[in-house]
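Chemist: Attaching a single structure in structure tokens format; questions to follow.
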Amino acid sequence: MSETPVSAAESPALSVRRLTKFFGRKPKEALDRLRAGAGRAELAPLGTAAVIDADFDVRRGEIFVVMGLSGSGKSTLIRTLNGLLEPTDGSVTVMGETITGMSPKRLREVRRRHISMVFQHFALLPHRSVLENAAYGLEIQGVPAAERRRRAEHILDRVGLGGWGDKMPSELSGGMQQRVGLARALASDTDILLMDEAFSALDPLIRKEMQEQLVELQQELGKTIVFITHDLNEAMFLGDRIAVMRDGRIVQLGTAEEILTDPADDYVAQFVQDVDRSRVLTAGNVMEAPRAVVTASAGPRAALRSMRDLQTSMVFVVGGGRRLLGVVHDRDVLRLVQRGERSLEPAISDDHPVVGADEHLSELFESAVESQLPLAVVDDQGRLLGAVPRVTLLAALGNVSSNTGEHAVIETPATIPVDVITATLHRTARPDTAIADAADASAVAAAVAEAADIRAEAMHRDAAGERSPA
Amino acid sequence: MNDIRLPLGDWADAVIHFITDVFGGFFAVVRSVFAGFYDLVDVVLQTPPFWVVILALAAIAWFAKGWKLATGTALGLLVIVGVDQWDNAMSTLALVLVASLIAVAISVPLGVLAARSDLASKVIRPILDFMQTMPAMVYLIPALILFRVGVVPGIVATIIFAMAPGVRLTELGIRGVDKEVVEAGQAFGSSPWRILRQIQLPLAMPSIMAGVNQVIMLSLSMVVIAGMVGAGGLGGEVVQSLTRIDVGLGFEAGLSVVILAIILDRVTGALGTPRKPRGRDKQAPTTDASEPLGPEAERLPAASATA
């Protein structure tokens, strides 16, 4: 790190270039044939092409998931990342240092400082206590005994194994053993964590718990994590980005949403069929543009007209800076208009469901059941980003086109006939308010336009792949 | 038919003569080292009164397993004293210990080498097959030429004959260590030597100890043959009883060998298995396999005592 601090700070955590790993005799010949476009099957007599032309970067601080069925080459790939396997061709660069072709001694140094690993079957040292296991990486690094004891104890506490340090690994359950494996990797305090099917051997409940804990730890410690799994649900839950592997090649690389909504080929499409979409897609992914929106200052007449035009029984009301104030219903507004009130304030109710943009669909169902109104989607500052009507929720789960704007049922059906509203508006209209009405109408238009801006901005942020600040 | 006879015997003869001529000095050194080693152990066992040695051996048995084994050891050794074979038994024990120690010192590193390199494994395996299956007495002939009559050719023949299981079980044990655990060592930046010391050897220990146990048992089985070249001890007694057709002497000497064998087997076996009350499933398969053998073998001395 001391050599080139500037470039090291900017370089990706890991960069993999045209990495190919071939097991068998005559690797040169196999390589030529692979480059000439031969498939895995054609090379079978020579050996196995485990990884073919993998090319990607892992950014600092992201969870990068490599997903594939058994035999797709993902385990081989992860073992080339820390030099346990030497690639047949291509290169791997870890934190700015190219480890391909490095001397064993220097490679060990890189592993000690930069890259640790969590194994599928835990790979704990059975003859050592939990604490000694957690401190193993530090021991190899040459950290003094007292110090490594302190640090290992701290990490064990952090993964929920405080007080278990004196036990032997065989006395622990599978989930706890893997926590020790995780603690061992975290205690070494390397920049990168490789996790090879780390949760695959655990039962589903424990697995879920570990996934959540991993995300939490990652956000807290900011480690770069490369996670291997054959479970797409796990990949989608954990991965900031996901690389899907098939027969040694990476067939698609993208965010969970990209892979789900825009699979690169039939194979990926078939794969994502079984994914629990409700746990992957977020409110922000599926929300509609909020069309039925009025600003609080626009007044009841504008609100009523807007509802009439959209043939809906409710509109969202936003205040300054597009902060969501609540919703108004047509009956209430009608009453205000009949009474000649100038303010929308008394009709605003806040008993409507509000959700955050990064909440998963699975978390929206309850709100959607409880209220027939569309769910309002807001950002951290409470600004209205969009709305998720029930239809949209269903469409998203069924993988129907996510734009349901043309469906008639998208808005909550009006409860008051259009002509009643028109008549009321006419009856209560006064010469001076006709101008105000026009002003109201333009306020509505402005509000809608502004909403579109904010949404566009939010989507842009999503696309940039940034994690929303905790 | 005899026209196409392969002169293998002549060649072996020539090789041995060549070795004696060229490496005579070397073998003289080996001879004096082995003899010195043997004398040292022999003196340690022979000098104190028999009951001191019995108490010491019983203490080791007690430490290795418990009071039952300690009692059995003491009783067995008293039987040897009772049939007046004590001095011979101690000579034999010294020979077995020296031969086993040297055999283990050679075979464990060889096993490690074979585990780490497929080439070494391929080279070593047929040599071990040869050493183990060649009739043991055949070794005595060159050993006699190289080391002259006495205890040393016995020790050398014993080492060669007994080494094989030590190498094999060490290799097997190290190769059987969970690959992922070794990978974990590598992934955290441990050096190969450190992985061997901290991961492979400790985890292969049950298997290695089973190998040590086998080495000792095979050494003991060579005792009689070593007696033929003047190694003395119980083997010498057996050879004598054979030449004199002395059933009584043969039985007494033979029983003494059996008693020594059982004591050595139980003690080394107990040292190989960790004394933890419950080891659970992560134990190496070798210890599990030896478990059901225990009671079966336990019944053996009782059966031979009644016979």
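The values are calculated or read from the model by the stated rules, or taken from the named source; none is laboratory data. The shown structure was predicted, so the numbers you read here are calculated from the model rather than taken from an experiment. Note: ideal-geometry Cβ built from the backbone for every residue, glycine included; neighbour counts use all protein chains shown.
Chemist: Among the residues of the range B:235-254, what is the count of those that are of a type in the set (A, V, I, L, M) and either in contact with a Phe, Trp or Tyr (Cβ under 6 Å, 6 or more places away or on another chain) or closer than 15 Å to B:MET222 by Cα (or both)?
Modeler: 3
Chemist: A:GLN372 is checked against (1) farther than 26 Å from A:GLY284 by Cβ; (2) modelled with pLDDT under 80; (3) not hydroxyl-bearing (Ser, Thr, Tyr) and fails just one. What number does that condition carry?
Modeler: (1)
Chemist: Looking only at the range A:370-393, which residues are crowded, with 20+ Cβ neighbours inside 10 Å and in a helix (DSSP H, G or I)?
Modeler: The answer is A:THR392, A:LEU393.
Chemist: Which condition number in (1) of a type in the set (A, V, I, L, M); (2) free of Cβ contacts under 8 Å to residues at least 24 places away in the same chain; (3) within 14 Å of chain B (Cβ to nearest Cβ) is the one that A:LEU34 fails?
Modeler: (3)
Chemist: Moving to a separate point now. Across the range A:79-129, what is the number of residues that are in contact with a helix residue (DSSP H, G or I) (Cβ under 8 Å, 6 or more places away or on another chain) and at positive phi?
Modeler: Final tally of qualifying residues: 5.
Chemist: Just to confirm my filter: which helices (runs of 4 or more DSSP H) fall fully inside the range A:1-120 and include at least 1 residues that are under 24 Å from B:VAL181 (Cα atoms) and assigned by TED's automatic domain parsing to the domain that holds A:LYS223?
Modeler: A:74-81, A:104-114
Chemist: Another question, if that's okay. With respect to B:ILE127, determine if the residue is surrounded by fewer than 18 Cβ atoms within 10 Å (Cβ to Cβ) and under 13 Å from B:VAL215 (Cα atoms).
Modeler: no
Chemist: Moving on to the next point. If you scan the range A:179-190, which residues turn out to be among the β-branched types (Val, Ile, Thr) and either in a loop (DSSP other than H, G, I, E, B) or more than 14 Å from chain B (Cβ to nearest Cβ) (or both)?
Modeler: Within the range A:179-190, just A:THR190 meets the criteria.
Chemist: Tell me which residues, restricted to the range A:338-357, are under 15 Å from A:ALA387 (Cβ atoms) and among the β-branched types (Val, Ile, Thr).
Modeler: Within the range A:338-357, A:VAL354, A:VAL355 meet the criteria.
Chemist: Every residue in the range A:158-178 that is within 11 Å of chain B (Cβ to nearest Cβ), touching a residue at least 12 places away in the same chain (Cβ under 8 Å) and part of a helix (DSSP H, G or I), please.
Modeler: Passing the criteria: A:PRO169, A:SER170, A:GLN177.
Chemist: Moving on. Please specify each residue of the range A:258-274 satisfying the condition of being touching a residue at least 24 places away in the same chain (Cβ under 8 Å) and surrounded by fewer than 19 Cβ atoms within 10 Å (Cβ to Cβ).
Modeler: The answer is A:THR261, A:ASP274.
Chemist: If A:SER367 meets every condition in (1) outside any helix (DSSP H, G or I); (2) at pLDDT 80 or above; (3) more than 30 Å from A:ARG342 (Cα to Cα) apart from one, which number is that one?
Modeler: Among (1) outside any helix (DSSP H, G or I); (2) at pLDDT 80 or above; (3) more than 30 Å from A:ARG342 (Cα to Cα), A:SER367 violates only (1).
Chemist: Then there is this: Determine the pairs where a residue that is more than 12 Å from chain B (Cβ to nearest Cβ), located within the range A:89-114, has a partner that is at pLDDT below 90 and part of a helix (DSSP H, G or I) with Cβ atoms under 8 Å apart, the partner being 6 or more residues away or on another chain.
Modeler: From the range A:89-114, the pairs are A:ASP89/A:LEU31; A:MET95/A:ALA8; A:GLY96/A:SER7; A:GLY96/A:ALA8.
Chemist: Tell me, yes or no, whether the range A:191-211 has at least one residue that is hydrophobic (A, V, I, L, M, F, W, C), over 19 Å from the mean Cα position of the chain (by Cα), assigned to a helix (DSSP H, G or I) and farther than 13 Å from A:SER116 by Cβ.
Modeler: yes
Chemist: Taking A:VAL244, is it closer than 22 Å to A:ILE52 by Cβ and either part of a strand (DSSP E or B) or among the acidic types (Asp, Glu) (or both)?
Modeler: Here the answer is yes, as A:VAL244 does meet what is asked.
Chemist: Give me the pairs: first residue in the range A:312-324 and without any contact (Cβ under 8 Å) to a residue 24 or more places away in the chain and not assigned by TED's automatic domain parsing to the domain that holds A:THR422, second residue surrounded by 24 or more Cβ atoms within 10 Å (Cβ to Cβ) and of a type in the set (Asp, Glu), beta-carbon distance under 8 Å, and six or more apart or on different chains, which are they?
Modeler: Sorted first by the residue in the range A:312-324, then by its partner, the list stays empty.
Chemist: Ok, one more. Evaluate the range A:122-131: report whether one residue or more is modelled with pLDDT of 90 or more, assigned to a helix (DSSP H, G or I) and more than 8 Å from every other protein chain (Cβ to nearest Cβ).
Modeler: The answer is yes; a qualifying residue exists.
Chemist: OK, next. Identify the residue in the range A:100-146 that is of a type in the set (Lys, Arg) and farther than 20 Å from A:ALA13 by Cα and, among all such residues, is surrounded by the most Cβ atoms within 10 Å (Cβ to Cβ).
Modeler: If we take residues in the range A:100-146 being of a type in the set (Lys, Arg) and farther than 20 Å from A:ALA13 by Cα, then A:ARG128 is surrounded by the most Cβ atoms within 10 Å (Cβ to Cβ).
Chemist: Select from the range B:217-261 the residues that are of a type in the set (Ser, Thr, Tyr) and over 18 Å from B:LEU95 (Cα atoms) and write down the one among them that is surrounded by the most Cβ atoms within 10 Å (Cβ to Cβ).
Modeler: B:SER241
Chemist: Against the definition (more than 28 Å from A:GLU139 (Cβ to Cβ), crowded, with 19+ Cβ neighbours inside 10 Å and either in contact with a Lys or Arg (Cβ under 8 Å, 6 or more places away or on another chain) or modelled with pLDDT under 85 (or both)), how does B:ALA143 come out, yes or no?
Modeler: When the stated conditions are applied, B:ALA143 passes them.
Chemist: Residues that are more than 14 Å from chain A (Cβ to nearest Cβ), buried (at least 24 other Cβ atoms within 10 Å of the Cβ), out of contact with any Gly (no Cβ under 8 Å at 6 or more places or on another chain) and at pLDDT 90 or above: does the range B:194-215 have at least one?
Modeler: no
Chemist: Now for a separate question. Just give me the residues in the range A:132-143 being more than 7 Å from chain B (Cβ to nearest Cβ), of a type outside the set (Gly, Ala, Ser) and not in a loop (DSSP other than H, G, I, E, B), in sequence order.
Modeler: If the condition is that a residue be more than 7 Å from chain B (Cβ to nearest Cβ), of a type outside the set (Gly, Ala, Ser) and not in a loop (DSSP other than H, G, I, E, B), then A:GLU132, A:ASN133, A:LEU138, A:GLU139, A:GLN141 are the ones that fit.
Chemist: Any idea how many residues of the range A:176-231 are surrounded by fewer than 24 Cβ atoms within 10 Å (Cβ to Cβ) and either among the small types (Gly, Ala, Ser) or within 17 Å of A:HIS154 (Cβ to Cβ) (or both)?
Modeler: The number of residues fulfilling the criteria is 10.
Chemist: Further question: Which residue is nearest to the other protein chains (Cβ to nearest Cβ), if the candidates are limited to the range B:157-173 and must be among the aliphatic types (A, V, I, L, M) and crowded, with 24+ Cβ neighbours inside 10 Å?
Modeler: B:LEU169
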